[in-house]
Amino acid sequence: MRADEVKDASLAGKEVAVRGWVHRLRRQKENAFVLVRDDRGAVIQCVLPADKIAGLTIESSVEVTGTVSQDPRAPEGGFEIKGKEIKIYNVALEYPIGEYQSDELLLDKRHLALRTRKMIAIAKIRASVLNLGRRWFVENGWMEVTAPTIVKGAVEGGSTLFKLRYFDQDAYLSQSAQLYLEAMIFSLGPVWSLTPSFRAEKSRTVRHLAEFSHLEAEAPWVSLEDILKTEEQLVSYVIQNTIKERAEELAFLKRDISDLKKVVPPFERLPYEKAIDILRERGFQATEDDGSKRAIRFGDDLSIDSERELTKDADRPMFVVGYPIAVKPFYVKEDPQRSGVGLTADMLAPRGFGEITSGGQREDSIDSITGRMKKENLKPEDYEWYLDLRRYGSVPHGGFGLGIERLVRWITNADDIKDTILFPRTMSRVEP
Ligand code: NSS
């Protein structure tokens, strides 16, 4: 039986057996209090005669048999087990993780640290986010597809590519499924995928991983506004249902959800140039590559710091719309009405969390695409198949990508994106 199932008044006085791991252990003269954690992270207190638990250690695996007793003094819901027998499956060695540990040790021992209740709570919230994201797409008529993760070309610029040897040629780990999803919309209509994306991010930040879960969507015959509507509906649906499904876990994490309750469409659409004006008015500065500071100006990309500044007082997400194409990849469509402006938008999460999605309309002109590829030091020859999509019946189309860990970080209020994934991959970490 699981620990949660025992917490049922109709079981009081009945005999049960609970399997799990020793979460906490307190020995007294005659009795011992063993907090047993089950395989879903719920715990129940078991009171056992002290002589039955000689040699027992934290994280030993056990099965306790005893009678259920309702006792308001018992932790975790007022139920406990008056244990008669304990079967010990494995006596754990001295556990390397105590109550207060450095972040580094917790990461080195992640295979064990994921037994902590904080990690379990976040993992459950993440599972809900994934499940609800899938449900939204299914309910709204989008088809699930799978794109390859070993590819020949960059999508998001060459500087964050992981190169690998693929038999006798060079290949890369995919940064985004987008180009493949673009190929699929001509025969499959609106499509979506959830695949790992890889970025050789050279910077250490609280929002970059080298491998992340990428939820992407692409559809034919859509405008930028159609894409933004899709994004805000999807994100609102996921959040409203996650806070219902995972109220207990969010409360455990002490996440005040009053702001999440307000996440309903429509989200604000803030034109890029207004965003720059706001930052300039606040005297916000851009940092050059050499570390020097200067006033932010039209044409700059929005840095992590400027996104934090723009969203720090907001309690709902916003779209920044119409970035200069010069700061965006080759596939972004230029606004036919405004030269140099992209039909593109990023969704920024409030309270400083920053970008969680990026999307827009795709460029149709082969000349523009190949010219911009060259500017990005990419070889158009590597993209012949992609360019075919513009040669054979191209239509206005677009889509977006959402970083699952970024969304989970915001929902759980996690300090660092590494907390939102069980085995994070970063520049300095590829183990465990
Ligand atoms: O680079 S993106 O901004 N855009 C794309 O990859 C498009 N090709 C997606 C598309 O239109 N199909 O990444 C999209 C999102 C971004 O908003 C983040 O939420 C997330 O993917 N992202 C990341 N999350 C974690 N770590 C890293 N390094 C990362 N890079 C992007």
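Worth a mention:
- Applied to region 275-287, the Karplus parametrisation 6.51 cos²θ - 1.76 cosθ + 1.60 on θ = phi - 60° returns per-residue 3J(HN,Hα) values of 4, 5, 4, 4, 5, 5, 4, 7, x, 6, 10, 9, 9 Hz, with x for Gly and Pro.
- Charges were assigned to the Cβ only: +1 to each Lys and Arg, -1 to each Asp and Glu. The resulting dipole of the chain about its Cα centre is roughly 1120 debye.
- Nearest 10 degrees, 0 to 90: helix 366-375 Cα axis against the chain principal axis: 70 degrees
- In order through region 421-429: 3J(HN,Hα) via Karplus (6.51 cos²θ - 1.76 cosθ + 1.60), integer Hz, x for Gly, Pro: 9, 5, 10, x, 10, 9, 3, 9, 9
- Only lysines eight or more places from Lys379 in sequence, or on another chain, were considered; those with a Cα closer than 21 Å are Lys152, Lys163, Lys328, Lys333.
- Cα-derived Rg over Rh, computed across region 3-90 with Rh taken as Kirkwood radius: 0.92
- Radius ratio Rg over Rh of region 12-169, counting only Cα atoms, Kirkwood formula for Rh: 1.17
- The chymotrypsin sites (Phe, Trp or Tyr not before Pro) of region 81-165 that meet both conditions, a loop assignment by DSSP and at most 13 other Cβ atoms within 10 Å of the site Cβ, are Tyr100.
- Net length gained if the chain between Ile97 and Arg294 were fully extended (0.36 nm per residue, minus Cα distance): 66.4 nm
- Computed from the alpha carbon positions, the gyration tensor of the chain leads to an equivalent ellipsoid with semi-axes of 49, 23, 22 Å, biggest first.
- For the listed peptides 339-347, 287-295, a ranking on the average number of other beta carbons within 10 Å per residue, highest first, reads 339-347, 287-295.
- Listed by chain and number, the aspartates and glutamates whose C-alpha is less than 12 Å from the C-alpha of Lys244, apart from same-chain residues fewer than 8 away, amount to an empty set.
- Report summary: the helix-based calculation at 222 nm, which adds -39500 (n - 2.57) for every DSSP H run with n ≥ 4 and divides by the residues of the chain, gives -8500 deg cm²/dmol.
- For Leu107, net neighbour charge (Lys/Arg +1, Asp/Glu -1) across residues whose Cβ lies under 12 Å away: -1
- All C-alpha pair distances within region 97-208, sorted into 10 Å bins from zero, spread as 12, 26, 31, 24, 6, 0 percent across the bins.
- Set of lysines near Lys82 by C-alpha distance (under 18 Å), chain-local residues within fewer than 8 positions excluded: Lys7, Lys14, Lys29, Lys52
- Sites Ser258 and Ile278 - FRET efficiency at Förster radius 22 Å, r taken between beta-carbons, to 0.05: 0.30
- Local electrostatic count at Lys312 - Lys and Arg +1, Asp and Glu -1, tallied over other residues with Cβ under 12 Å: -2
We did not get these values from a lab; they are worked out from the coordinates using the rules stated. The structure presented is a predicted model; accordingly, all values stated were derived computationally and were not measured. Here Cβ is always computed from backbone atoms with ideal geometry, including for glycine, and neighbour counts include all displayed protein chains.
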